[in-house]
Structure formats: structure tokens, C-alpha cells
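The values are calculated or read from the model by the stated rules, or taken from the named source; none is laboratory data. Only a predicted model underlies this, so the values are computations on that prediction, with no experimental measurement involved. Because the Cβ atoms are built from the backbone with ideal geometry, glycine has one as well, and the counts that use them run over all protein chains shown. To get the accessible areas, we keep the full protein, side chains included, count just its heavy atoms, and leave off ligands, DNA and RNA. Shrake-Rupley method; radii C 1.70, N 1.55, O 1.52, S 1.80 Å.
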Amino acid sequence: METLTTIAAVRDAVRAARSRGERVALVPTMGALHDGHVALVDAAREHADTVIVSIFVNPMQFGPREDLSRYPRDLDADRARLAEAGVAAVFAPTADEMYPSGATSPTIVTAGHLGTVLEGRSRPGHYDGVLTVVSKLLHIVGPDVACFGEKDAQQLFLVQRMARDLDMPVEIVGVPTVRDVDGLALSSRNRFLSDHDRRTALNLSRALEAAGSSADRGVEAMIAAAQGVIQSNTGVQLDYLAVVDPATFAFVGEAHHGSVQVLVAARVGDVRLIDNATYAIP
């Protein structure tokens, strides 16, 4: 497995793969890899012959009071895990390589209105940073397919919309959330949870399950059931709980029937977590 640090080197590797008639997949990550990332790699291998994983902690998607400096980094451990997973190359650029003009004033891709609600409301500018770096990675690698986790449902929706709206010749594949045996969605930030806080964090997935169990009674019942779980534990500081239409990401009303996505974000101790689940309202 190669470790590449420059854009030119990645493009050379992709050209070599293309010369062999291979399909190329990209898995964008920020490192601190866990089994959820391995699931992304496994999905990529199902769609392509050559898998390239990017590891880049993107400064553009962190706000001034967020945890950029604290974000876990362990490139050696990540490389070992990716080598075992059959990855052809790791692209691990510096911020200067990705943003030669500086990360504070590059040309950006904007998420528009949807970038200002839910995660975007809590993290202003976050999705502009995400879409900008993903756009750059897609242009650098030029993959046939790129894989993203469904845990950040809003991110996946926005990336798919960007690729469609900007006529990018790439298939964006969503990969189901990987959970621990107790139901907690895997996240690089889980390592910051104390044992007590980790048990408390299970209330996020339990809230989603409660919402699903109430789906036959409509949207308001789903929200009330999920809120009941969250409010029963003072260790969970709720940021938002919302029900949206997966096809549009618009908030749904009580008259809605069909598929819905329940989204939750909360802080447990010092760690901010997100989760979601999809259900059907009959």
C-alpha cells in the first residue's frame, strides 16, 4: 500500500490504475479509523478494483470553538488498518497541499439553505467546508465511485446533491451506519467518552428506536417518544431532534406518510454525537 502526500502523486496512481483498465473508488476520511471506516472500504471494494482512502483533517469544516486541535490523529495505526483492508493507496496531504492559498479564504462550494439548518445551524459554515474539500478530493482523484457513511445523513444528502447539481461524473454511495453490539453508532469521537458517558450515549440510539416504535402513530408521536428517552437522562444535552423526508431533507408535518429520517444530535459530557435512523409512517 502506497502513502501519497501530493496531488500529483495521487493523479499518477489513478492514471496507472486506469491504464490497467481498473475502476477507482475513493473513501474520504479524517482518520482515527474504526470499523465504520472499514465498512466504507469494503463497500468501495465491491464497486471498484482500486480503492484510495484519503486521510485529511479538514480545517475548513471546524468552527472557531470546535475541536480541530483535539481531533484524534494516528496515521501509522490508520495505515496499518487500511493495509489489512486491501486499500491500494492512502492520500494523506498537508493543509498547505490542499489549500495552497490558505484554508481561510479559498474558493468554496456552498451548501445553500440546507447548510444552515440542523448540523449547519449548530456548526455554521461546516457544510461549506465539507463540500469544498469533498469537491477538491473528487476532482483530484476522479473516482468512479465515492463512499460515505449514512451516520451523517445531512452530509451524505448534500454530497449527493452537489455531485448531481455540478454534473460530477461519480457515483456517491451511502454505506449503512456501523454500530457496536449495544447499539451505539461508531464514531472517532467515541474514544473521548468516559465509561459512564458511553453508557449515557446509548440514549441516542434508544431515542431513535422509540421513535421507530411510534411510527404508526405519526410524526408528533415519534418526536414525543424520542424526546421522552432523551429527557429521562440529564446526562444528554440535546442539540436537535428532527424528522425529515429523506428524498428532500425537508422537515415533515403530521400529515406525512411514507419514509422518514429521524435525526438526533446531542452532547454527552464534552463529546458531541450525532445519529439517525430511517422508518416508514403507514
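Observations on the model:
- Scanning region 76-106 for residues that are in contact with a Ser or Thr (Cβ under 8 Å, 6 or more places away or on another chain) and over 25 Å from Arg15 (Cα atoms) returns a single hit, Pro106.
- Of all residues in region 196-211, one or more are surrounded by fewer than 13 Cβ atoms within 10 Å (Cβ to Cβ), over 23 Å from Thr278 (Cβ atoms) and either without any contact (Cβ under 8 Å) to a residue 24 or more places away in the chain or more than 20 Å from the chain's Cα centre (by Cα) (or both).
- Residue check for Ala9: in the same structural domain as Tyr71 (by the TED database) and surrounded by 18 or more Cβ atoms within 10 Å (Cβ to Cβ): no
- You will find that of Val236, Val219, the residue that is crowded, with 18+ Cβ neighbours inside 10 Å and either of a type in the set (Ser, Thr, Tyr) or touching a residue at least 40 places away in the same chain (Cβ under 8 Å) (or both) is Val219 and no other.
- Positions within region 115-150 being part of a loop (DSSP other than H, G, I, E, B) and under 12 Å from the mean Cα position of the chain (by Cα), in sequence order: Glu150
- Any chance Asn276 is in contact (Cβ under 8 Å) with a residue 24 or more places away in the chain, open to solvent by less than 60 Å² (accessible area, probe 1.4 Å), more than 30 Å from Ala48 (Cβ to Cβ) and within 21 Å of the chain's Cα centre (by Cα): no
- Among (1) open to solvent by 30 Å² or more (accessible area, probe 1.4 Å); (2) in contact with a strand residue (DSSP E or B) (Cβ under 8 Å, 6 or more places away or on another chain) - the single one Leu68 does not satisfy: (2)
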